[in-house]
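> The structure's right below; bear with me while I get my questions together.
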């Protein structure tokens with residue numbers, strides 16, 4: 001709100017400068033200067049907003065890396081604020097993020113997607129289909145991904161099944177990183193679930209915060225690790 005009011009006052013001052021220009025040359029000079037100044041102020045405001053969310057992105061990106069849920073340039077994070085999605089930049093290292101790795105894109109169109117994560121279309125469709133979701137985490141958990149080849153739905157066997165009773169697997173779009181196929185089918189598959197897998201690719205989790213979505217993805221991987229270990233023991 002402070003940024004909005006400040007920008008409104010700033011635009012009012014620019015309009016007054018433009019109105020007071022008395023000659024064509026002076027008008028061009030004032031308008032040019034005002035346009036440049038406006039661009040600089042807006043750039044600073046955008047950087048400030050991005051930095052506000054940077055610490056949260058950096059914290060949970062590092063957790064995913066430390067937990068072995070991603071490799072160096074895999075995975076992506078996002079949060080939704082109104083009609084804006086803040087998402088990690090394409091090729092960014094979640095375990096070593098900088099504030100410039102947080103990109104603002106539009107909820108309702110792709111106009112600002114150029115340097116955003118290639119998975120941004122999937123994040124967007126999840127937000128549009130599930131208005132209660134405010135955060136999305138995508139990672140490549142190894143045990144869960146390994147099991148995704150053999151299941152259409154994974155049934156956890158541990159006590160955490162009280163929180164995640166089943167994990168659906170999207171089988172129609174294998175290796176579909178950021179594909180239109182995943183963006184089209186994944187939100188429906190997710191349904192009332194908080195985590196789901198793409199066969200041979202990885203997992204998405206959702207929540208009201210990055211903390212909640214990260215915790216759910218970590219819990220799901222632990223559930224799949226236990227199933228994987230049980231299978232190894234059964235074949236001894």
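The values are calculated or read from the model by the stated rules, or taken from the named source; none is laboratory data. Quantities reported herein were computed from a predicted structural model and do not represent experimental measurements. Note that each Cβ is placed from the backbone with ideal geometry, even for glycine, and that neighbours are counted across all protein chains shown.
> Only one residue in 147, 128, 107, 190 is at pLDDT below 95 and surrounded by fewer than 23 Cβ atoms within 10 Å (Cβ to Cβ). Which one? Walk me through it before giving the result.
Values: 147 fails: at pLDDT below 95; 128 fails: at pLDDT below 95; 107 fails: at pLDDT below 95.
It is 190.
The rows are residues; the columns are (1) more than 21 Å from residue 72 (Cα to Cα); (2) touching a helix residue (DSSP H, G or I) at 6+ places or on another chain (Cβ under 8 Å); (3) in a loop (DSSP other than H, G, I, E, B).
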| residue | (1), (2), (3) |
| --- | --- |
| 121 | yes, yes, no |
| 133 | yes, yes, yes |
| 136 | no, yes, no |
| 149 | yes, no, yes |
| 168 | yes, yes, no |
| 173 | yes, yes, yes |
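> Oh, and also: Take residue 116 and decide whether it is modelled with pLDDT of 95 or more, farther than 21 Å from residue 208 by Cβ and within 12 Å of the chain's Cα centre (by Cα).
Working: modelled with pLDDT of 95 or more: yes; farther than 21 Å from residue 208 by Cβ: yes; within 12 Å of the chain's Cα centre (by Cα): yes.
Against the criterion (modelled with pLDDT of 95 or more, farther than 21 Å from residue 208 by Cβ and within 12 Å of the chain's Cα centre (by Cα)), residue 116 qualifies.
Here's the yes/no breakdown for (1) free of Cβ contacts under 8 Å to residues at least 40 places away in the same chain; (2) crowded, with 18+ Cβ neighbours inside 10 Å; (3) outside the structural domain of residue 133 (by TED's automatic domain parsing):
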residue: 57; (1), (2), (3): no, yes, no
residue: 65; (1), (2), (3): yes, yes, no
residue: 69; (1), (2), (3): no, yes, no
residue: 73; (1), (2), (3): yes, no, no
residue: 80; (1), (2), (3): no, yes, no
residue: 85; (1), (2), (3): no, yes, no
residue: 96; (1), (2), (3): yes, no, no
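> Exactly one condition in (1) over 13 Å from residue 147 (Cβ atoms); (2) in contact with a strand residue (DSSP E or B) (Cβ under 6 Å, 6 or more places away or on another chain); (3) part of a helix (DSSP H, G or I) is not met by residue 220; state its number.
Here residue 220 meets the rest and fails (1).
Per-residue answers, yes or no, for (1) under 18 Å from residue 136 (Cα atoms); (2) touching a helix residue (DSSP H, G or I) at 6+ places or on another chain (Cβ under 7 Å):
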{"position": "70", "(1), (2)": "yes, yes"}
{"position": "73", "(1), (2)": "yes, no"}
{"position": "76", "(1), (2)": "yes, no"}
{"position": "79", "(1), (2)": "yes, yes"}
{"position": "103", "(1), (2)": "yes, no"}
{"position": "107", "(1), (2)": "yes, yes"}
{"position": "112", "(1), (2)": "no, no"}
